[in-house]
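Remarks on the structure that follows.
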Amino acid sequence: MKNIFIAILLAGFCALKAQDLKAYQFYDKKGKEVKTEKLVKELADYDVVFFGENHNSSINHWLQLKITEALFAKRNGQLILGAEMFERDNQAQLDQYLNGKFDAKTLKDSARLWSNYATDYKPLVDFAKDKKLNFVATNIPRRYASQTATEGLESLNKLSEKEKIYIAQQPIKVTLDTPGYPEMKKMMGDHAEGTKVMNFISAQAVKDATMAESILKNYQPGKTFIHYNGNYHSKEFGGIYWYIKQKNPNLKMAVISVFESADPELKVPAKDYIPTDFNLIIPADMTKTF
């Protein structure tokens, strides 16, 4: 009996040892596996790259850094960085840090940094600082997005001209034709009031439109602009991607979307999977940063 028990344990151990545990897998839009070296080579041909993320995914953030480092080398330094996590009115503080005039504490005290900045975004900012790259604070100040959610898009017209420079130029088109927005409407339920629903969607739209405008204003021909944003802001070629396409359809843009999977082989999910140019599959039980 004892020998049988030991045999079962050894068999289980061998099976575990033999199992190929994947931390991530990239796929192209046709569902074919893509190695990171080929991914970087292909990304180097794009004007703008959206790297979607789940905000609390450790492997997602690590890959953002590693792909950025590799893309920097591939593009011979012709790279611009930008992120949802920094708001337009904090650009001056971010620049002061990048230029060495602020230390990390001063930046933390003077800018509205996300709670997971130190673990998830500081490595990207420090990479930009080390390589003397531009890092663009692309997002709308959150107070104006909150105002839109409660008072509607029209309420932004009452702001001063000084305040309006931090928001995409009006009028901002808000339509359910934008990929992802019908899903937001559905999430709010059938009983939600029409005005409330559209205000909520408009708050998302004003973020997307502002980030799109920020990218267009800071993009430089001959360089690749890589933008880090929550997956929802570019999934299905919606959000920021959609707003840029309205303004400049000639820019060559790529979207990296992220999906979680319980499958140890990280195969393309069978459900709720709408691929973009490149698709990152990560384990559902991967360590979260918060």
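Just for the stretch 262-277: of the residues that are modelled with pLDDT of 95 or more and open to solvent by less than 40 Å² (accessible area, probe 1.4 Å), which one is nearest to Leu21 (Cα to Cα)? The qualifying residue nearest to Leu21 (Cα to Cα) is Leu266. Among the residues examined, Gln220 qualifies as open to solvent by 20 Å² or more (accessible area, probe 1.4 Å) and either within 21 Å of Gln91 (Cα to Cα) or among the small types (Gly, Ala, Ser) (or both). Taking the stretch 126-143, which residues are assigned to a helix (DSSP H, G or I) and in contact (Cβ under 8 Å) with a residue 40 or more places away in the chain? Listed by number, the residues that qualify are Phe127, Ala128, Lys131, Arg142.
When Tyr166, Tyr181 are screened for being free of Cβ contacts under 8 Å to residues at least 60 places away in the same chain, surrounded by 13 or more Cβ atoms within 10 Å (Cβ to Cβ) and out of contact with any Leu (no Cβ under 7 Å at 6 or more places or on another chain), only Tyr181 passes.
The residues listed here are Thr138, Thr106; of these, the one that is closer than 29 Å to Phe290 by Cβ and surrounded by fewer than 19 Cβ atoms within 10 Å (Cβ to Cβ) is Thr106. Please tell me if Lys207 is in contact with an Asp or Glu (Cβ under 9 Å, 6 or more places away or on another chain), among the basic types (Lys, Arg) and closer than 25 Å to Lys252 by Cα. Spelling it out, Lys207 is indeed in contact with an Asp or Glu (Cβ under 9 Å, 6 or more places away or on another chain), among the basic types (Lys, Arg) and closer than 25 Å to Lys252 by Cα.
Going by the structure shown, is Leu280 under 18 Å from the mean Cα position of the chain (by Cα), farther than 20 Å from Tyr181 by Cα, open to solvent by 50 Å² or more (accessible area, probe 1.4 Å) and of a type in the set (A, V, I, L, M)? Here the answer is no, as Leu280 does not meet what is asked. Candidates in the stretch 232-253 are the residues that are touching a strand residue (DSSP E or B) at 6+ places or on another chain (Cβ under 7 Å) and closer than 20 Å to Ile59 by Cβ; of these, the one that is surrounded by the fewest Cβ atoms within 10 Å (Cβ to Cβ) is Lys235.
The values are calculated or read from the model by the stated rules, or taken from the named source; none is laboratory data. Being a predicted model, the structure only gives us computed values, none of them experimental. Glycine gets a Cβ as well: all are built from the backbone with ideal geometry, and neighbour counts include every protein chain shown. With ligands, DNA and RNA removed, areas are computed over all heavy atoms of the protein, side chains included. Shrake-Rupley method; radii C 1.70, N 1.55, O 1.52, S 1.80 Å.
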